[in-house]
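Okay, so here's the structure we're looking at.
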Amino acid sequence: MTQKEALEILKAGHNAFITGAAGSGKTYLLNSYIDFLRKNEIYAAVTASTGIAATHLGGMTIHAWSGMGIKNSLSEVEIEGLKERNYLKSRYRKMSVLIIDEVSMLHHFQLDLLDRLLRSFKDSDLPFGGVQVVLCGDFFQLPPVARAGEPQKQFAYRARSWQNLDLKICYLDEQHRQNDDLFLAVLSAIRSNSAGSRERAYLESRIGKAINGKIEPTKLYSHNVDVDIENAQELAKIPGQEFRYKMEARGGDNLIEIIKRGCLAPDVLRLKIGARVMFVKNNFEEGYSNGTLGVIESLDAENICVRTRTGRAIDVAIANWMIEENGKIKAEISQYPLRLAWAITVHKSQGMSLDAAKIDLSQSFERGMGYVALSRVRSLEGLSLVGFNEIALKVSDEVLEFDQGLKKESEKHAEEIRALMKKNPKKEGSKEKLPAKLQTKKKISTYQQTKELAEKKMSLEEIAKTRGMAIGTILAHLEKLKDQGQMPDISYMVEKEDRRRYLGMQRMIAGSRDDDGKYPLSYAKELLGEDVSWEELRLARLLIGEDF
């Protein structure tokens with residue numbers, strides 16, 4: 001499927017999974033769709049499973065955006081507690097689209113937890129609360145990392161919520177990174193678990209191979225400790241004055257920390273003339289991209305000049321990384337878009353395109369690690385190997401089988417969108433009509449409908465049945481009406497014999513009033529447990545201050 005066809009599927013409002021080999025343009029497609037949404041004033045949650053991938057999209061990690069943090073599971077009490085946080089309520093209320101990049105590194109149980117959060121915040125029984133879900137990633141790359149005590153790791157497509165999304169598969173088959181046919185054939189063989197003697201011989205021919213160019217390549221290691229040692233030792237070897245450039249940050253501490261974790265630029269950039277560096281941000285106008293290599297040609301306290309591998313001199317300006325929400329910058333860091341580049345981990349190289357790399361795969365410990373590392377490099381001339389083991393030539397058998405099914409589904413969906421595009425060609429200059437799923441919905445009328453039914457003294461159950469909604473949704477309408485000073489008399493909803501019980505709930509709720517004058521329910525629910533339902537607690541809170 002082409003990027004253009006995939007973009008049309010996204011614009012039509014379908015839930016979709018964008019995939020394809022390394023270098024097929026997945027992130028470019030996502031950014032194109034994000035631009036489309038912003039131009040049409042459609043609020044999208046732009047997220048990724050890792051901070052590094054999130055910075056490529058100008059977004060946040062899904063863990064930070066959703067409020068689930070580092071937890072693997074949340075109880076109903078904890079979810080209701082999250083729903084008391086105004087900033088989270090605002091995020092979920094406004095969003096119409098959820099984008100998650102690098103979904104291959106998200107655990108299946110985390111995707112199911114997101115489904116629960118969205119259903120709860122949106123008061124909806126629909127998958128992910130009825131928003132458009134766009135997932136992106138390549139399951140041939142590195143799988144989710146399981147920490148001690150976590151459930152057994154499984155890919156996100158094992159999640160129950162994945163099956164419920166009815167995803168359109170967009171398998172991109174163009175190549176925008178490598179243009180070396182022989183090198184592409186080797187990568188393809190590794191990706192299909194069919195690497196044999198010919199591919200081994202090809203890779204062995206690159207062991208110890210010198211790379212032509214004015215600078216040496218970046219080294220990729222499987223372990224962090226090797227990277228840190230390598231960079232520190234190499235910088236220390238260079239004679240001359242060392243300059244240090246400190247990162248500047250603006251915004252909340254938590255958001256700043258999120259950006260820093262996802263950004264490869266260091267807090268303090270230490271440089272000397274002759275230091276090997278790598279650009280860590282895309283700026284095509286200035287002639288560099290994320291992964292472009294160079295050497296420091298000149299520098300002082302305020303100026304840095306880098307000579308790239310192709311011989312181009314670039315005067316490097318300070319760059320910004322930010323978290324943007326609804327058109328407003330929530331946090332931002334500023335630093336020169338460089339880092340020492342004698343070495344980097346394979347894990348951190350995901351999503352990069354490298355001019356040249358010296359790769360040590362002799363200690364590969366995960367299937368997919370070799371494919372990730374090798375596919376970072378643009379061409380054969382830019383590849384030098386220290387060594388490799390058998391795991392480096394393997395990908396997951398399970399993923400390989402799953403991938404074959406994705407290709408078939410993608411072919412079917414590509415044929416469908418081509419037929420639709422042929423039947424309804426777009427006229428030049430014509431304005432696109434947004435699908436209903438992405439159109440902004442006005443909610444005032446729905447609150448008034450609930451108000452009118454309450455004024456007729458209908459019970460919660462009767463109102464929910466009449467409107468075809470969940471009781472939780474009707475309660476949300478009443479809460480909104482109360483905030484607006486328009487709530488009708490609903491004291492009739494509590495039967496006379498239940499009034500003492502509701503008064504007890506109210507006393508407990510009132511005792512947990514916060515500094516903003518709000519009444520969180522999580523404390524009362526934790527104490528009362530199964531003796532009361534969330535709906536009963538919400539009704540009791542609505543009646544605080546009312547005579548019943």
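The values are calculated or read from the model by the stated rules, or taken from the named source; none is laboratory data. Quick caveat, the model's predicted, so the values are computed rather than measured. Methodologically, a virtual Cβ is constructed for each residue, glycine included, from the backbone with ideal geometry; neighbour enumeration extends over all protein chains shown. SASA here: full protein model, heavy atoms, side chains in, ligands and nucleic acids out. Shrake-Rupley method; radii C 1.70, N 1.55, O 1.52, S 1.80 Å.
In what order, largest first, do E398, E536 sit by accessible area if the probe radius is 1.4 Å?
Correct descending sequence by accessible area is E398, E536.
Compute the separation of the alpha-carbon centres of the stretch 406-428 and the stretch 353-377 and state it in Å as a whole number.
If we compute the Cα centre of each part, the gap is 35 Å.
Taking a temperature of 10 °C and a viscosity of 1.306 mPa s, what whole-number D in µm²/s does Stokes-Einstein yield for the stretch 291-418 with Rh from Kirkwood over alpha carbon pairs?
Approximately 87 µm²/s, per Stokes-Einstein.
Ignoring solvent entirely, what values of log10 I(q)/I(0) come out of the Debye formula for the chain at 0.07, 0.09, 0.10, 0.11 Å⁻¹ when each Cα is a single scatterer?
For the requested q values the scattering log ratios are -0.49, -0.77, -0.91, -1.05.
Just the number please: accessible area per residue for the stretch 299-369, 1.4 Å probe, all protein chains included, in Å².
With the other protein chains kept in place, the stretch 299-369 gives 40 Å² per residue.
Quick one: net charge around E199, please, counting Lys, Arg +1 and Asp, Glu -1 for every other residue with C-beta under 13 Å from its C-beta.
Cβ neighbours under 13 Å give a net charge of +3.
At 1.4 Å probe size, with the rest of the protein present, what percent of the exposed accessible area of the chain is carbon and sulfur atoms?
On the way: 12480 of 26460 Å².
That share works out to 47 percent.
Viscosity 0.692 mPa s, temperature 37 °C: what is the translational diffusion coefficient of the stretch 269-314 from Stokes-Einstein with a Kirkwood Rh over Cα pairs, rounded to a whole number of µm²/s?
Here the translational diffusion coefficient equals 307 µm²/s.
Provide the solvent-accessible area of M469, counting protein heavy atoms only and rolling a 1.4 Å probe, rounded to the nearest 10 Å².
Its heavy atoms expose roughly 60 Å² to the probe.
If contacts are Cα pairs under 8 angstrom and at least 6 residues apart, what is the relative contact order of the chain in percent?
Contact order relative to length: 16 percent.
Of S161, A414, A265, which is farthest along the charge dipole of the chain in the positive direction, counting Lys and Arg as +1 and Asp and Glu as -1 at C-beta?
The listed residue farthest towards the positive side: A414.
Starting from the Kirkwood Rh over alpha-carbon pairs, what translational D in µm² s⁻¹ does the stretch 390-548 have by Stokes-Einstein at 37 °C and 0.692 mPa s?
On the way: Rh = 20.7 Å.
Stokes-Einstein gives a translational diffusion coefficient of 159 µm²/s.
Rolling a 1.4 angstrom probe over the protein chains, ignoring ligands and nucleic acids, what is the accessible area of I471 in square angstrom, nearest 10?
Rounded to the nearest 10, the figure is 50 Å².
Could you tell me which residue out of I62, A317, G252 lies farthest along the dipole of the chain toward its positive end? Charges go on the beta carbon: Lys and Arg +1, Asp and Glu -1, centred on the Cα centre.
It is A317, whose Cα lies furthest towards the positive end.
Which value, in Å², gives the accessible area per residue of the stretch 374-420 when a 1.4 Å probe is used on the protein heavy atoms?
About 48 Å² of surface per residue is accessible.
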